[in-house]
Amino acid sequence: MEDRNRSLDRSPRAVACVLLSSVFGPYCQDDSYGSRAINPMELFHNQVTREQGSFSLRAFHPSLGIRLIQENISAPCTVLDFPTLEAFEHEITKHVYDIIGISSIVANVGKVKKMCEVARALSPRSRIVVGGHVAAIQGLHTMVDADDVVKGEGVAWMRELLGEDAQAPIRHPAVSSSFGFRFMGLPIPIPRAANPAVVAPSVGCPLGCDFCCTSAFFGGKGKVHSFFKDGDELFDALCAIDAQLHSSAFFMLDENFLLHRDRALQLLARMRKQDKSWVFYVFSSANAIAQYSVETLVELGVSWIWLGLESAGSDYKKLKNTDTVDMVRRLHEHGIATIGSSIIGLPHHTAANVREDIEYAISHETDFHQFMLYTPMPGTPLHAKSLAEDSLLSEVPYADSHGQFKFNFRHPNISRDESKLLLDSAFRRDYERNGPSVYRLFKTMHAGWQRHAEHPDPRVRRRFRRDRLIFRPLIEASLRAMEYTLALENQTSARQRVRALRQQIDVGSGGVGRWIGLTGASVLMAASLVERLGIARASMYEPRMQVERRNWEIP
Ligand code: B12
Ligand code: SF4
């Protein structure tokens, strides 16, 4: 330690050296830092397909916020994503960092506290900066030993700290949206062209729903922070990413991508002009989707939409005057997959009507369905209201306040324990009634191929044909394996539906196609048995650490 500090004194640098780290793992186990076995670092298995056994989609997602900051500063910068505590300690003792930035959400505040302690002890000259949603906790600076707690957008903040131009144009990093993809226990290699890059065109959402963390964190109602001025700038950024990753698919981490109609249409115009046959996975509210015809969405390349359905009885403006059941049906007919998102525990819910609401939610037959508990999170209008009404349960730690466990507030009609039972049963009901999500997704994809393989726009035609070429062997094998597995589980109705879809897709597939399907299915079946044993023994996957250095000429 002594030596390290002296070496900093001996060789003062012209530019600061920055470390940006996500919180340390392992994540999917119960520990005193706030990790929870029910809270894996996975999107689908955490909050979407978690009750679908070996049919759950498994993948990890890199931390984009710190990659975005890294890409937009000229200082030497290391990103440690998913380190262990030991790897974090090793990094800050091996290199001298002037700034140690830690990125976290509220649930992981215990890890931030530990990392600040470690950073202070091992690298006392570093400036410790904490950012990301954890910064929404009021009084965080009294809970963790940080020099700065940064609320909201981080690129401009970091540039200012480093004396750089905070308003300089944004360069978007080229990062794949997921890694470690598995289905039915088998690692599935996704071809480059189909593995989406993750892109954040903006952060925040102007609609300002009372419970929404991301809207509140980036300014609340009426506010949004855009990284690109318009569709032209976004198009240029996507071209640069496409050139680096050779991917034609983009996972748009924009809270309400389609709300910004001018931007989307300008992007479409550029795509037409430059013959881009891209695919977009987007989050959008119903009122935003309703601004477009389905045909326009298809031409734009929208391929998945994450859609907030919230609740039949809620009065969120975004859902007014929209028949969401019909909207979902039409999207599916055109090959656009959906992830519905519904809330359990809204103020009007009672133990009786919430079950009706769950039934209504799953009647949408979205390909995937996320259920979340209504959860007052720091910084949101709902949190302020709950504080004023004294309904927050102060004994619930932040590690358990995230919407996938139990209420963190006193609900007038539903107890905390009931909230968990309702949440778990909603996921199971959706699975029982609608079958494995992946089967539903394949059905929607197949509908798109059928409908648009001869689309008059060559870009659209190419996209659907390309998808069919890439995914059809995998789909055939998966459907066979699902069919056998469902038969073993005595799930007759789901099995019949899977079989019917396989037979439709099978038509026209030659002998080689059938051979690939049969062989792939046997491998998947074997892997899924191992997976099921693993799930029964509660063994979980953890992401491996990723290290990314930029502007790095430091020994
Ligand atoms: C991708 C994602 C994930 C990925 C994880 C990615 C990762 N590697 O961490 C997965 C799917 C695994 C995941 C899991 C969970 N997530 Co999540 N996730 C997201 C999502 C959709 C996108 C995050 C993102 O990249 N945004 C785009 C980037 C550009 O924005 P950003 O990260 O906020 O970063 C900006 C600023 O915050 C700031 N910043 C960030 N870090 C730092 C660091 C420094 C030093 C500085 C100065 C600034 C700074 O600057 C950045 C640029 O402006 C958000 C929702 C959203 N749209 O943001 C939810 C979100 C972050 N997740 C959330 C939650 C609750 C969870 C879970 C607990 C699941 C659940 N129950 O909902 C788990 C936790 C898993 C675990 N064990 O830790 C909440 C957090 C709420 C809160 N107030 O803390 C969010 C906001 C969704 C929501 N419910 O509203 N998640
Ligand atoms: S529409 Fe969605 S992203 Fe926008 S504020 Fe409401 S919940 Fe948040």
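With each pseudo-label sitting 7 Å past Cα toward Cβ, what's the Ala87-Arg125 distance in nm, one decimal?
Rounded to a tenth, the inter-label distance reads 2.7 nm.
Treating the Cα atoms of region 168-218 as identical point scatterers in vacuum, please give the log10 of the normalised Debye intensity I(q)/I(0) at q = 0.19, 0.20 Å⁻¹, two decimals.
Debye intensities relative to I(0), on a log10 scale: -0.81, -0.83.
Could you tell me the convex hull volume per residue, in Å³, taken over the Cα atoms of region 448-507? Working shown, then result.
Working: hull volume 4.1 nm³, N = 60.
Residue-normalised Cα hull volume stands at 69 Å³.
Using 1/(1 + (r/R0)^6) with R0 = 22 angstrom and r between the beta carbons of Cys239 and Arg466, what's the FRET efficiency to the nearest 0.05?
Numbers: r = 18 Å, r/R0 = 0.82.
In this case the efficiency is close to 0.75.
Which value does Rg/Rh take for the chain over its C-alpha atoms, Rh per Kirkwood?
Values: Rg = 23.8 Å, Rh = 24.7 Å.
Across the chain, the Cα-based Rg/Rh ratio is 0.96.
With only alpha-carbon atoms counted, please give the Rg and Dmax of region 1-151, in Å.
For region 1-151, the Cα-based Rg and Dmax read 16.6, 58 Å.
What are the ³J(HN,Hα) values, in whole Hz, obtained from phi via the Karplus relation 6.51 cos²θ - 1.76 cosθ + 1.60 with θ = phi - 60°, for each residue of region 440-446 in sequence order, with x given for Gly and Pro?
Calculated HN-Hα couplings, in order: 5, 4, 4, 4, 5, 4, 4 Hz.
Filter the trypsin sites (Lys or Arg not before Pro) in region 104-199 to those in DSSP coil with at most 14 other Cβ atoms within 10 Å of their Cβ, and list the result.
Here the sparse-neighbourhood loop sites are Arg125, Arg171.
How would region 408-451 be classified by its alpha-carbon gyration tensor: rounded, prolate or oblate, with rounded meaning a/c under 1.5 and the a/b versus b/c comparison settling the rest?
Prolate, because a/c is 1.5 or more and a/b exceeds b/c.
Using alpha carbons only, what's the Rg to Rh ratio of region 45-127 with Rh from Kirkwood? Before the final figure, lay out the partial values.
On the way: Rg = 15.9 Å, Rh = 14.9 Å.
Dividing the radius of gyration by the Kirkwood radius yields 1.06.
Sticking with the crude label model, points 7 Å out along Cα→Cβ, report the distance from Trp552 to Ser391 in nm, one decimal please.
4.8
Which whole-angstrom value gives the distance between the alpha carbon centres of region 12-56 and region 377-440?
Centre-to-centre (Cα) distance: 20 Å.
How far apart, in nanometres, would the label points at Glu295 and Asp230 be if each is projected 7 angstrom from Cα along the Cα-to-Cβ direction?
My value for the distance between the label points is 2.6 nm.
Defining a contact as two alpha carbons under 8 Å apart and six or more residues distant in sequence, what relative contact order in percent does region 120-175 show? Don't jump to the answer; show the numbers that get you there.
Values: 48 pairs, mean separation 14.9, N = 56.
After rounding, I find 27 percent.
So for the chain: antiparallel DSSP bridges make up what percent, rounded to the nearest 5?
25
Which whole-number value in Å³ per residue fits the convex hull of the alpha carbons of region 387-462? Each step should come with its number before you reach the end.
Details: hull volume 14.5 nm³, N = 76.
Cα-based convex hull of region 387-462, divided per residue, equals 190 Å³.
How big is the gap, in Å, between the Cα center of region 298-339 and the Cα center of region 172-238?
Cα centroid of region 298-339 versus Cα centroid of region 172-238: 18 Å apart.
Where in region 360-452 are there GluC sites (Glu not before Pro) that are in a DSSP coil and have at most 14 other Cβ atoms within 10 angstrom of their Cβ?
Numbers: sites: Glu365, Glu389, Glu395, Glu418, Glu432; in loops: Glu365, Glu395.
Those satisfying the criteria are Glu395.
Going through region 453-487, which GluC sites (Glu not before Pro) have at most 12 other Cβ atoms within 10 Å and a DSSP loop state? Walk me through the intermediate numbers first.
Details: sites: Glu454, Glu476, Glu483; in loops: Glu454.
Listed in order of number, the matching sites are Glu454.
Under 5 Å between amide hydrogens, which residues at least 5 positions from Tyr292 or on another chain qualify, with H placed 1.01 Å from N in the peptide plane?
It is none; the list stays empty.
In deg cm²/dmol and to the nearest 500, what is the mean residue ellipticity at 222 nm of the chain if only DSSP H runs of at least 4 residues count, each as -39500 (n - 2.57), divided by the residue total? List each step's numbers first, then the result.
Values: 20 runs with 237 residues, N = 555.
So the helix-based figure for the chain works out to -13000 deg cm²/dmol.
Taken together, the values in this text are just the output of simple stated rules run on the coordinates, not laboratory data. All values reported here derive from a predicted model rather than from experimental measurement. Glycine also receives a Cβ, built like all others from the backbone with ideal geometry; neighbour counts cover every protein chain displayed.
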